[in-house]
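The values are calculated or read from the model by the stated rules, or taken from the named source; none is laboratory data. Note that the coordinates shown come from a computational prediction; the quantities given were computed from them, not determined experimentally. When we count neighbours, we look across all protein chains shown, and the Cβ atoms used for this are built from the backbone with ideal geometry, even at glycine.
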Amino acid sequence: MAVVVTNANAPAFEAKMTVYVFICVMIAAVGGLIFGYDIGISGGVTAMDDFLKEFFPAVWERKRHVHENNYCKYDNQFLQLFTSSLYLAALVASFVASAICSKLGRKPTMQFASIFFLIGVGLTAGAVNLVMLIIGRLFLGFGVGFGNQAVPLFLSEIAPAQLRGGLNIVFQLMVTIGILIANIVNYFTATVHPHGWRIALGGAGIPAVILLFGSLLIIETPTSLIERNKNEEGKEALRKIRGVDDINDEYESIVHACDIARQVKDPYRKLLKPASRPPLVIGMLLQFFQQFTGINAIMFYAPVLFQTVGFGSNAALLSAVVTGSINVLSTFVGIYLVDRTGRRFLLLQSSVHMLICHLIIGSILAKDLGVTGTLGKAQALVVVIFVCVYVMGFAWSWGPLGWLIPSETFPLETRSAGFAVAVSCNMFFTFLIAQAFLSMLCGMRYGIFFFFAGWIIVMGLFALFFIPETKGIAIDDMRESVWKPHWFWKRYMLAEDDHPDVEKRSA
Ligand code: BGC
């Protein structure tokens, strides 16, 4: 299938969707699978009695007293630290990963990620005390930091512009598949005593091995090769992935972007310049907003949440499997629509959609769930249904677009650094939610859903006014086609001279 960039301002590069690109996409996206697995597994493991007994005996004691306050039975800073330590490590790691990504390439960064993952899996699955468990989580976090830095960039760079959105969302698709697999594994290992949790945590080893060997097979991106002066190899790589003979125009445009990039000695300083403001501000806020949709309150703690509203332990895990499946299926909708309706439509539609769900869930809990006791069957079912509808909306919008937009809107010279800032913001806000959610649930009770609803209004308005459409625009043409014409962001562009991307190197 030949595709040509259609945007009037963007250069038209011919490209086919080749089998080779497809294979590279699938292998790289395994990085997303591990990330998703780690997200999904913690909620289930922290709901397992064997695990709590071994590492968090106080929480286990409290949990046994079922008549205690519904909203607070899991509130424990150490338990939350188990979940959230991973994100803290990933936050720091993404900056190191960004330097490695630029200096050594996207491919070795993924290989480092898989090694960190393997060490982390060994330590967590074999943990004999809390320290070992937390150190294991930190290693998994380094893996996430490296993987989440390299994979989305890799995907955006090897994809033909016209298909970039859809191919990039394969990352998010794998994240959702990882979460689902984790939910299923949780469901079955919960009944394996006393070491089911070890199997659950050890499961991440399988995709880590796939990533390690798979990443030996994939190609380095042409951009990364040319950026490191390997022009001939870069040209060859481009020919291989595009599947057409005439790649000269695209090659020249990458060389041009690399020439500009090379003149920027310090990408982080460049990020502070006005011209970097639009992608930087949007990239950072997208992460804040993505996490303040409340998605991870659901994802990490779905089993805990469902138990809180009165499902038994196994029923709770099963409901998490249902939400996980919906998450995967709805991501396909995102893949299909993102290069058709564009990014803005998805962001706006889902804001309204998620807002309604939060309001309904919050109202039911407010009305029917007391501090003790359980929800009636009918109400609990309605809660699960609206959790599912909510997950749907997230899965085709703020979930994938939180990764896609920052990977495609920075110019090459700040792409890796800018994306690292976005990844680390994502990790920071994920950490914040992971660390705070159980306490927030305890303190705010049903109010937590209204809290997230409030943020969804803010993000919907932000998307409406400040997030421009990037569908179909060549990755190195954002400035001309997107920022310069934008009603608000153009002010940061006008301040620059004719060669705005080149830092003036005054003597
Ligand atoms: C987010 C994760 C979230 C997942 C849910 C990702 O895009 O970054 O924090 O758990 O989507 O599918």
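Here is how the numbers come out for the structure above:
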{"item": "I23 vs. criteria away from the ligand (no atom under 16 Å from the Cβ), at pLDDT 85 or above, closer than 30 Å to V244 by Cβ and surrounded by fewer than 22 Cβ atoms within 10 Å (Cβ to Cβ)", "result": "yes"}
{"item": "The stretch 211-228 - residue that is among the aliphatic types (A, V, I, L, M) and surrounded by 16 or more Cβ atoms within 10 Å (Cβ to Cβ) and, of those, nearest to L104 (Cα to Cα)", "result": "L225"}
{"item": "Every pair of residues 6+ apart whose Cβ atoms lie under 6 Å, when the first sits in the stretch 377-403 and is in a helix (DSSP H, G or I) while the second is at pLDDT below 90 and not β-branched (V, I, T)", "result": "Q379/D368; A380/G310; V384/S319"}
{"item": "Residue in the stretch 434-458 that is farthest from the ligand (Cβ to nearest atom), counting only those that are crowded, with 24+ Cβ neighbours inside 10 Å and within 30 Å of V96 (Cα to Cα)", "result": "F437"}
{"item": "Some residue of the stretch 168-187 being closer than 18 Å to F13 by Cβ and within 16 Å of the ligand (Cβ to nearest atom)", "result": "yes"}
{"item": "Among the residues listed as V92, V121, the single one being β-branched (V, I, T) and surrounded by fewer than 22 Cβ atoms within 10 Å (Cβ to Cβ)", "result": "V92"}
{"item": "Condition broken by G454, with the remaining ones in (1) touching a helix residue (DSSP H, G or I) at 6+ places or on another chain (Cβ under 7 Å); (2) at pLDDT 90 or above satisfied", "result": "(1)"}
{"item": "Qualifying positions in the stretch 229-252 - surrounded by 18 or more Cβ atoms within 10 Å (Cβ to Cβ) and in a helix (DSSP H, G or I)", "result": "G234, K235, A237, L238, I241, R242, E250, Y251"}
{"item": "Filter pass, G370 being surrounded by fewer than 23 Cβ atoms within 10 Å (Cβ to Cβ) and either within 13 Å of the ligand (Cβ to nearest atom) or over 21 Å from the mean Cα position of the chain (by Cα) (or both)", "result": "yes"}
{"item": "Filter result for F428 (aromatic (F, W, Y) and at pLDDT below 90)", "result": "no"}
{"item": "Residue in the stretch 483-494 that is surrounded by fewer than 20 Cβ atoms within 10 Å (Cβ to Cβ), at pLDDT below 90 and under 15 Å from K270 (Cα atoms) present", "result": "yes"}
